[in-house]
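Asks: Below you'll find the structure I mean.
Read-outs throughout are calculated quantities, based only on the coordinates presented, and are distinct from any laboratory measurement. Owing to the predicted nature of the structure, the values given are computational and were not obtained by experimental measurement. Counting neighbours? That spans all protein chains shown, and the Cβs are built from the backbone with ideal geometry, glycine included.
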Amino acid sequence: MTAGTPHLPFATRAAIFARLFAVQGSWNYETLLGNGIAFAVEPALRLLPGGKGGAAYRAALARQGGYFNAHPYLASVAVGALARAELEGEAPERIERFRTACSGPLGSVGDRLIWAGWLPACALLGLLAFGLGVSSAGVVLLFLGSYNAGHAALRAWGMRVGFRDGLRVAPALGAPFLRRGPSHVARATACLAGAALPLALHAVAGPALGTFTLLLAAAALGAAALTRLHGRVEGWSLAVVGLAAFILFAAVR
Amino acid sequence: MTFAAELLPLALLGALLGLDVVSFPQAMVSRPLVSATLAGALVGQPGQGLIAGAVLELFALDTLPFGASRYPEWGTAGVVGGALFALQHDDSAAALPAAVCAALLVAWGAGWTMVALRRLIGRWAHGMRDALAQGSASAVTALQLRGLTADFVRGGAVTWLSLAVFLPLERALLSGATAGAAPSRVFLLALAGATAGSAIWRVIHTTKGARWFLAGGLAAGGGLVLAQ
């Protein structure tokens, strides 16, 4: 932490960190994450001159409740930065400009790293464990443990660098794990998918190898068709129609 | 105990896991691999729940929760799918496809309830705009708590209603089903494998070298299947 960084007591840090997990608690189409950001940053605002309920506190809280969008985990970067900006008495216009400027990058970086990277990788790790015959508790614990190690670490990192760098936090979004992480995770996802899909399908289908070979071929052909039709047909909605037809056929036959 | 009351523990689980999808804490206990297993465990069959959860997870890989888009809600759907399959006899014809089909329908419907909830919270926020604009901490906290509570109630209601509809419906349909369980599973798994395969390909295909990692993984996975 630099010499000019305002002091944030441990209890305040802990309260902000805990509130970050509920940052989407009032997500809506009017202000998106806005109210959640105000809720998360509120413990820091109590340190403003005049304390809780003072003029500075109320002005800052009103500012932070406005429209805001970001990936929920990387919203921690914004919360840390905004807490510092408010405590340092930054001009409201600068704070507004920062809120507008950081929404896009915090959304796209988080989507790529978490929703399209870490989540499928951990889900495939769980499916691999299932395919290898690990117990129900083992599969659940492996998935939740691996996923949330990354999840909690990312929230904690975001809050730390956000508060450390304040409104100058943008370079932190060029951290190696955010720039190169998605590519590494994608390669791990590819490897896990290759191993997990046949094993998981085999675990549910049963031991008959002839049927399993046919199943794998059908799945591969179906995957190629769905990839080609992407945007026009969704696999899961196609499955609803197909399965409903199959069940009705089985029931009336 | 009445049928309605018997569903309450599962509805409570659905409420908690539905809350995890977006509102709190997004720890992914709402992913079908977890939610269906927990539902199965709640009715005494965690292994059955895990099987349903694994199949639903393959479908869920196709619908990752990007931004403000509408997507299926897997928390309550996983509970419904896991419970439906765990409450059937494993050898009953088409039990797994029926449970998965019901869960997919619930995921789709529950996705719409999330949209309705977001609109409702927006109306609440609009009604509280004066207090929020004045920097009222109690208004900020009240809106947050209202949103969390409403999402909890939404998840519980969706789970309870879905089980109340699909449990008797599935029993009625499956009692007349004649097709064997094995072919019905193959049909289901071909769809699930195709969906997951396509979803994974879309995520990895732009990454340099990823297709070789996929090929390596397939060789390892295929070899392990043969070894089993």
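Asks: Just to verify a result, which residue in segment B:8-30, among those that are within 21 Å of B:Ala157 (Cβ to Cβ), part of a loop (DSSP other than H, G, I, E, B) and within 12 Å of the chain's Cα centre (by Cα), is nearest to the other protein chains (Cβ to nearest Cβ)?
Replies: Filtering first and then ranking leaves B:Val29.
Asks: I'd like the full set of residues that are at the interface with another protein chain (Cβ under 7 Å from one of its Cβ atoms) and among the aromatic types (Phe, Trp, Tyr), limited to segment A:213-250.
Replies: Passing the criteria: A:Trp236, A:Phe246.
Asks: Just one of (1) surrounded by fewer than 24 Cβ atoms within 10 Å (Cβ to Cβ); (2) more than 7 Å from chain A (Cβ to nearest Cβ); (3) under 30 Å from A:Arg19 (Cα atoms) trips up B:Gln45, so point out which.
Replies: (3)
Asks: I've got another one for you. I need the full set of residues from segment A:26-71 which are assigned to a loop (DSSP other than H, G, I, E, B), surrounded by fewer than 24 Cβ atoms within 10 Å (Cβ to Cβ) and at the interface with another protein chain (Cβ under 8 Å from one of its Cβ atoms), in order please.
Replies: Passing the criteria: A:Tyr29, A:Glu30, A:Lys52, A:Gly53, A:Asn69.
Asks: Further question: When A:Arg179 is evaluated against the numbered criteria (1) over 27 Å from B:Ala227 (Cα atoms); (2) more than 7 Å from every other protein chain (Cβ to nearest Cβ); (3) surrounded by 18 or more Cβ atoms within 10 Å (Cβ to Cβ), which criterion, by number, is the only one it fails?
Replies: (3)
Asks: Okay, moving on. Can you tell me which residue is farthest from the chain's Cα centre (by Cα) among those in segment A:210-234 that are in a helix (DSSP H, G or I) and exposed (fewer than 13 other Cβ atoms within 10 Å of the Cβ)?
Replies: Of everything passing the filter in segment A:210-234, A:Gly210 is farthest from the chain's Cα centre (by Cα).
Asks: Considering each of B:Val203, B:Val158 in turn, give the residue that is within 8 Å of chain A (Cβ to nearest Cβ), surrounded by 22 or more Cβ atoms within 10 Å (Cβ to Cβ) and among the β-branched types (Val, Ile, Thr).
Replies: Step by step, each of B:Val203, B:Val158 is checked, and only B:Val203 is within 8 Å of chain A (Cβ to nearest Cβ), surrounded by 22 or more Cβ atoms within 10 Å (Cβ to Cβ) and among the β-branched types (Val, Ile, Thr).
Asks: Among the residues in segment B:77-94, are any farther than 25 Å from B:Phe187 by Cβ and facing chain A (nearest Cβ under 7 Å)?
Replies: No, segment B:77-94 has no match at all.
Asks: Name the pairs whose Cβ atoms lie under 8 Å apart, with the first residue in segment B:47-65 and in a helix (DSSP H, G or I), the second polar (S, T, N, Q) and crowded, with 24+ Cβ neighbours inside 10 Å, and 6 or more positions between them or separate chains?
Replies: B:Gly49/B:Thr37; B:Leu50/B:Thr37; B:Gly53/B:Ser35; B:Gly53/B:Thr37; B:Leu58/B:Thr195; B:Phe59/B:Thr195
Asks: Name the residues in segment A:72-100 that are within 12 Å of chain B (Cβ to nearest Cβ) and without any contact (Cβ under 8 Å) to a residue 60 or more places away in the chain, would you?
Replies: Of everything in segment A:72-100, those that are within 12 Å of chain B (Cβ to nearest Cβ) and without any contact (Cβ under 8 Å) to a residue 60 or more places away in the chain turn out to be A:Pro72, A:Glu86.
Asks: OK, next. With in contact with a Ser or Thr (Cβ under 8 Å, 6 or more places away or on another chain) and under 30 Å from B:Ala220 (Cα atoms) as the only criterion, which of A:Ala186, A:Ala137, A:Ala129 stands out?
Replies: Residue meeting the stated conditions: A:Ala186.
Asks: Considering each residue of segment A:235-246, count those that are crowded, with 17+ Cβ neighbours inside 10 Å and among the β-branched types (Val, Ile, Thr), and give that number.
Replies: The number of residues fulfilling the criteria is 1.
Asks: If you don't mind, there's one more thing I want to ask. Quick one: in segment B:109-141, of everything that is among the hydrophobic types (A, V, I, L, M, F, W, C) and within 7 Å of another protein chain (Cβ to nearest Cβ), which residue is surrounded by the fewest Cβ atoms within 10 Å (Cβ to Cβ)?
Replies: That would be B:Ala133.
Asks: Of the conditions (1) assigned to a loop (DSSP other than H, G, I, E, B); (2) under 21 Å from the mean Cα position of the chain (by Cα); (3) of a type in the set (D, E, K, R), A:Arg19 fails just one. Which one is it?
Replies: (1)
Asks: Among the candidates B:Arg171, B:Arg123, B:Arg146, B:Arg185, which residue alone is within 30 Å of A:His230 (Cβ to Cβ) and not in a loop (DSSP other than H, G, I, E, B)?
Replies: That would be B:Arg185, the only listed residue that is within 30 Å of A:His230 (Cβ to Cβ) and not in a loop (DSSP other than H, G, I, E, B).
Asks: With respect to A:Pro120, determine if the residue is in contact (Cβ under 8 Å) with a residue 40 or more places away in the chain, in a loop (DSSP other than H, G, I, E, B), crowded, with 21+ Cβ neighbours inside 10 Å and facing chain B (nearest Cβ under 10 Å).
Replies: Judged against the criteria, A:Pro120 is not a match.
Asks: On to the next question. All but one of (1) more than 11 Å from chain B (Cβ to nearest Cβ); (2) touching a helix residue (DSSP H, G or I) at 6+ places or on another chain (Cβ under 9 Å); (3) farther than 24 Å from B:Ala54 by Cα; (4) in a helix (DSSP H, G or I) hold for A:Gly110; which doesn't?
Replies: Result: A:Gly110 fails condition (1) only.
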